[in-house]
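Inspection log for the structure reproduced underneath, given as structure tokens.
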Amino acid sequence: MNPDELGKIRDIDRSEVIRVGYEQQGAELIKMDVHWDDAGWLDGDGKHSFGQMIRGAQRQLDLGGTAIGAFDDERLAGIAIYRPRLTESMAQLALLHVGNGHRRRGVASRLFHETLALAQQDGATEMYVSATPSGSAVGFYLSKGFAPTATPHPALLAEEPEDIHMTRTI
């Protein structure tokens, strides 16, 4: 995906009804019944907005990241952003979103496997992800071999303290 296509993030319908959530305590996950109805990204530039998502994606590309898009005709159905060097030996899956209507069709798995292949090519030995604490996101990453880390990356923990910080060996 070209950097000038990041505006297509607006095509992704992030809405979701969330009934299972997680909290992280060290390397332990605490499962909770929740009622988090996520209406999706907001218009404008504030918190949880398209503007914030696009700026964050651009920041990852500026750090050497690669954007991978999954398209349904001309519309962006999903996006992953891979960052090759979070640390000397650790890559980062900095962003992975698949739009409502395209979920449970293998799109996220294909995007993840493309980032994993890039990490292997770049010689990384671990991959890091900071996941939304929803049952669907955490369940996806657990199914891909990630596990909560007791030692989250300090800057990412400060930026996303409620997320579930996970790593996996490559």
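No lab work stands behind these numbers, since they all come straight from the coordinates. Keep in mind that this is a model prediction, so the values were computed, not measured. No Cβ is skipped: glycine too gets one built from the backbone with ideal geometry, and neighbour counts run over all protein chains shown.
Counting helices only, and only those DSSP H runs with n ≥ 4, report the 222 nm mean residue ellipticity of the chain as the sum of -39,500 (n - 2.57) divided by its residues, in deg cm²/dmol to the nearest 500. If you can, show how the numbers build up before the last one.
Numbers: 4 runs with 43 residues, N = 170.
When only DSSP H runs of four or more count, the value is -7500 deg cm²/dmol.
Taking label points 7 Å from Cα along the Cα-to-Cβ direction, Arg10 and Arg59 give a separation of 2.2 nm. The distance between label points at Arg75 and Glu126 comes to 3.9 nm (points 7 Å beyond Cα on the Cα→Cβ vector). Here the chain is treated with +1 on each Lys and Arg Cβ and -1 on each Asp and Glu Cβ, and its dipole about the Cα centre works out to around 360 debye. Please say if region 1-92 is rounded, prolate or oblate, where rounded means a/c under 1.5 for a ≥ b ≥ c the square roots of the C-alpha gyration tensor eigenvalues, and otherwise the choice is prolate for a/b larger than b/c and oblate otherwise? Oblate is the answer for region 1-92, as a/c is 1.5 or above yet b/c matches or exceeds a/b.
Across region 3-169, Cα pairs under 8 Å and at least six residues apart give a relative contact order of 23 percent.
If neighbour count is taken as other Cβ atoms inside 10 Å, put Lys47, Lys31, Lys144 in order from fewest to most.
Details: Lys47 7, Lys31 11, Lys144 17.
Arranged by neighbour count, lowest to highest, Lys47, Lys31, Lys144 become Lys47, Lys31, Lys144.
Put a dot 7 Å past the Cα of Ser49, heading toward its Cβ, do the same for Ala27, and the two dots end up 4.1 nm apart. Note on Asp37/Glu162: beta-carbon distance plugged into 1/(1 + (r/R0)^6) with R0 of 22 Å gives a FRET efficiency of 0.85. Legend: calculated FRET efficiency, Arg19 to Ala147, from the Cβ-Cβ distance at R0 = 22 Å, rounded to 0.05, equals 0.45. Using all pairs of distinct alpha-carbon atoms, the Kirkwood hydrodynamic radius of the chain works out to 16.3 angstrom. As a rough guide to protection, the peptides 157-164, 35-42, 129-136, 78-85 ranked by mean Cβ packing within 10 Å, highest first, stand as 78-85, 129-136, 157-164, 35-42.
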